[in-house]
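The values are calculated or read from the model by the stated rules, or taken from the named source; none is laboratory data. All values derive from a computational prediction rather than experimental measurement. Don't worry about glycine lacking a Cβ; one is built from the backbone with ideal geometry, like all the others, and counts go over all protein chains shown.
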Amino acid sequence: MAFNGKIAFVFPGQGSQHVGMGKDLLSNHLPRTKELFQEGSNAIGLDLERLCLEGPEWELTLTANAQPAILLVSLTAFFALRAEGIEPDFVAGHSLGEYSALVAAGAFRFTDAIRIVRKRGLFMQEAVPPGQGAMAAILGLSREVVQAVCQEAASSGVVEMANVNAPSQVVIAGEVKAVEAAVRFAQAKGGRAKLLQVSAPFHCTLIQPASEKLAQFLQGVIIEDLKIPLITNVDAEFITTAREVRDALVRQVTSLVLWEESIRRLTQEGVRIFVEVGPGQILSGLIKRIERGASTYHVDDTTSLHTTVNVLKGIG
């Protein structure tokens with residue numbers, strides 16, 4: 001089977017975690033897998049193998065734990081793909097996934113990325129006290145209507161668009177009362193809405209303190225120019241330099257994630273094949289909604305690894 005078009009690797013963000021993720025990759029002794037689990041655990045003083053394989057779920061779901069765990073499993077899958085000779089033309093990641101993408105592109109060392117996302121998660125948890133922030137997915141309404149809903153609910157507090165994930169799928173974030181008001185207004189306009197189980201309202205101005213702390217922390221981290229172009233969440237534009245990486249990551253904390261725009265931009269550049277690298281297939285589903293003609297594959301265990309490799313090498 002032969003393909004025309006370029007390949008993009010896309011890396012999932014928070015919400016893709018689940019107890020047991022990475023177990024199959026680890027138990028099959030894929031290249032570098034055991035070393036990555038050990039290096040990641042040592043870098044942040046957390047037993048990531050136990051956390052990923054055994055949980056418990058509530059502990060894995062904590063922002064400061066979920067972020068390094070997802071990055072670890074995603075990069076385990078990435079290095080397994082690379083060992084098979086599969087390389088992307090472009091990379092992208094959804095929120096947290098942008099850090100996995102940056103390691104794949106050569107901007108960060110793996111252990112530095114693990115340390116950064118652990119701190120990023122802690123900064124986010126600290127920025128808004130538990131119970132004061134919320135997020136909700138709004139389905140069935142356009143981006144423009146959701147923006148109007150947020151403005152309508154602003155009298156109840158801060159509420160903003162956080163992610164534009166796909167046509168008629170927008171996530172909002174802010175103070176609890178304001179998010180709940182926006183949900184009611186969205187439902188009154190014919191939309192469907194669901195409050196999300198999160199520990200902080202990501203990608204909104206409420207977590208500005210996290211952005212400031214991250215900016216300071218990143219000053220002490222070595223960032224290299226990218227070997228593979230990455231399209232950013234904040235601008236849906238391609239970047240290749242260390243300076244652009246630092247700027248994009250700091251702004252990303254409080255900025256709207258332009259996922260739909262990013263996928264459309266990648267297809268404009270000739271990408272026809274998207275490989276979701278890491279736990280779950282959330283991004284594959286979104287991509288199919290954005291670009292129906294795209295071919296999507298995923299890698300999160302040895303079965304999906306072999307299937308994807310065989311297809312992309314023209315064997316399957």
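When the stretch 64-94 is examined, which residues are found to be surrounded by 24 or more Cβ atoms within 10 Å (Cβ to Cβ) and either hydroxyl-bearing (Ser, Thr, Tyr) or not in a helix (DSSP H, G or I) (or both)?
Scanning the stretch 64-94 gives 74, 76, 88, 91, 92, 93, 94.
In the stretch 60-98, which residue that is in contact with a strand residue (DSSP E or B) (Cβ under 7 Å, 6 or more places away or on another chain) and of a type outside the set (Gly, Ala, Ser) is nearest to residue 110 (Cα to Cα)?
Looking at residues that are in contact with a strand residue (DSSP E or B) (Cβ under 7 Å, 6 or more places away or on another chain) and of a type outside the set (Gly, Ala, Ser), I get 78.
Determine whether the stretch 189-197 contains at least one residue that is surrounded by 18 or more Cβ atoms within 10 Å (Cβ to Cβ) and not assigned by TED's automatic domain parsing to the domain that holds residue 268.
yes
Give just the number: which of (1) surrounded by 20 or more Cβ atoms within 10 Å (Cβ to Cβ); (2) in contact with a Cys (Cβ under 7 Å, 6 or more places away or on another chain); (3) among the β-branched types (Val, Ile, Thr) does residue 158 not satisfy?
Exception for residue 158: condition (1).
Step by step: first the residues of the stretch 166-188, then only those that are of a type outside the set (A, V, I, L, M) and in a strand (DSSP E or B), then the one that is surrounded by the most Cβ atoms within 10 Å (Cβ to Cβ). Which residue is that? Steps first, please.
Just the residues of the stretch 166-188 that are of a type outside the set (A, V, I, L, M), to begin with: 167-169, 174-175, 177, 180, 184-185, 187.
Now drop any that are not in a strand (DSSP E or B), which leaves 169, 174-175.
Details: 169: 22, 174: 30, 175: 20.
Of everything passing the filter in the stretch 166-188, 174 is surrounded by the most Cβ atoms within 10 Å (Cβ to Cβ).
Can you list the helices (runs of 4 or more DSSP H) found entirely within the stretch 203-316 that contain at least 3 residues being touching a Lys or Arg at 6+ places or on another chain (Cβ under 6 Å)?
Per the criteria, 208-218.
What residue, among those in the stretch 24-68 that are in contact with a Leu (Cβ under 6 Å, 6 or more places away or on another chain) and touching a residue at least 60 places away in the same chain (Cβ under 8 Å), is nearest to residue 113 (Cα to Cα)?
The residue in question is 40.
Can you confirm whether the stretch 24-31 contains a residue that is at pLDDT 95 or above and surrounded by 17 or more Cβ atoms within 10 Å (Cβ to Cβ)?
The answer is no; no qualifying residue exists.
Looking at the stretch 8-16, can you tell me whether even one residue there is closer than 26 Å to residue 286 by Cα and of a type in the set (A, V, I, L, M)?
yes
Of the residues 149, 170, 145, only one is touching a strand residue (DSSP E or B) at 6+ places or on another chain (Cβ under 7 Å), β-branched (Val, Ile, Thr) and not assigned by TED's automatic domain parsing to the domain that holds residue 66; which?
The unique qualifying residue is 170.
Checking the conditions here, which among 232, 241 is modelled with pLDDT of 95 or more, among the polar types (S, T, N, Q) and surrounded by fewer than 21 Cβ atoms within 10 Å (Cβ to Cβ)?
Of 232, 241, the one residue that is modelled with pLDDT of 95 or more, among the polar types (S, T, N, Q) and surrounded by fewer than 21 Cβ atoms within 10 Å (Cβ to Cβ) is 241.
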